[in-house]
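Q: Next up is a structure, given as structure tokens.
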Amino acid sequence: RKEVEQDPGPFNVPEGATVAFNCTYSNSASQSFFWYRQDCRKEPKLLMSVYSSGNEDGRFTAQLNRASQYISLLIRDSKLSDSATYLCVVRGLYSGGSNYKLTFGKGTLLTVNP
Amino acid sequence: DAGVTQSPTHLIKTRGQQVTLRCSPKSGHDTVSWYQQALGQGPQFIFQYYEEEERQRGNFPDRFSGHQFPNYSSELNVNALLLGDSALYLCASSGDRGVAYNEQFFGPGTRLTVL
């Protein structure tokens, strides 16, 4: 099983649509969870951290289910500017102590059409 | 406030050559991580430097080595280049305390092509 697995995509949606991204992770000891956004030929940028109780930032809602090892991102009322690749990211424990590395999923490409 | 900077932006090398990539962290950050991103894939962790030492390493061969300088800037060296080393190399910096510990800020990357 891959460490972090995402919907392969791509997703093509009209403006104003609601789109959901799903992600699963294999390490039950994972500590921190994030969604990053990466525009074409640019660097990844943090979109939001994901907390156990779920969290919302404007049109974006992130959920975490530790029992199922599942993370989601919901974008409501999608805009043209939301077009990008969305990366699910996990930081977890490893033998020997703290784990500083981020483990990325492959990413899901979203295109929002006018 | 300058963000993470990397040089060069693009590089073309041939198989067997060696390459050095450079990174300056965001102001106030002391930790530098390097990632390799192949086309169509997510970034993969190479290693992280803190206090001029390699603190953690991913599943990359010894051909990949690095260094961190007292001013926190860092270099990534790749020896005996292979075609498969062609990728975008990303540097990320972070602070080692509090909230800043979790967020890694990425530089624009160096695109390496090996012919």
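The values are calculated or read from the model by the stated rules, or taken from the named source; none is laboratory data. Source: prediction; values computed, not measured. Counting neighbours? That spans all protein chains shown, and the Cβs are built from the backbone with ideal geometry, glycine included. Calculation scope for accessible area: heavy atoms of the full protein, side chains included, ligands and nucleic acids excluded. Shrake-Rupley method; radii C 1.70, N 1.55, O 1.52, S 1.80 Å.
Q: Averaged across the residues of B:103-110, what count of C-beta atoms belonging to other chains lies within 10 Å of each residue's C-beta?
A: Partner Cβ neighbours, averaged per residue: 4.
Q: Can you list the equivalent-ellipsoid semi-axes of chain B, largest first and in whole Å, using the square root of 5 times each Cα gyration tensor eigenvalue?
A: Equivalent ellipsoid semi-axes, largest first: 23, 14, 13 Å.
Q: In deg cm²/dmol, rounded to 500, what helix-only [θ] at 222 nm does chain B give when every DSSP H run of at least 4 residues adds -39500 (n - 2.57) and the total is split over its residues?
A: Result for chain B, helices only: -1000 deg cm²/dmol.
Q: Select from the range B:1-32 those trypsin sites (Lys or Arg not before Pro) which occupy a DSSP coil region and have at most 16 other Cβ atoms within 10 Å, ordered by residue number.
A: The qualifying sites are B:15.
Q: Oh, and also: Taking θ as phi - 60°, what are the ³J(HN,Hα) couplings along the range A:30-43 by the Karplus curve (6.51, -1.76, 1.60), each to the nearest whole Hz, with x for Gly and Pro?
A: Couplings: 4, 9, 10, 9, 8, 10, 10, 10, 10, 7, 4, 6, 10, 7 Hz.
Q: For the range A:1-82, state which trypsin sites (Lys or Arg not before Pro) are in a DSSP loop and have at most 12 other beta carbons lying within 10 Å of their beta carbon.
A: Those satisfying the criteria are A:1, A:2, A:41, A:66, A:79.
Q: Under 10 °C and 1.306 mPa s, how fast does the protein assembly as shown diffuse according to Stokes-Einstein, given a Kirkwood radius computed over C-alpha pairs? Answer in µm²/s, whole number.
A: Roughly 87 µm²/s, to the nearest whole number.
Q: Okay, moving on. Are there trypsin sites (Lys or Arg not before Pro) in the range B:40-115 that DSSP puts in a loop and that have at most 14 other Cβ atoms within 10 Å, and which ones?
A: B:63, B:97
Q: For the range A:48-63, in order, what is each residue's ³J(HN,Hα) by Karplus, 6.51 cos²θ - 1.76 cosθ + 1.60 with θ = phi - 60°, in whole Hz (x at glycine and Pro)?
A: Taking θ as phi minus 60°, the curve returns 6, 7, 10, 10, 4, 7, x, 8, 10, 9, x, 7, 10, 10, 10, 10 Hz for the range A:48-63.
Q: Using protein heavy atoms only (no ligands, DNA or RNA), what is the total accessible area buried between B and A, 1.4 Å probe, nearest 100 Å²?
A: 1800 Å²
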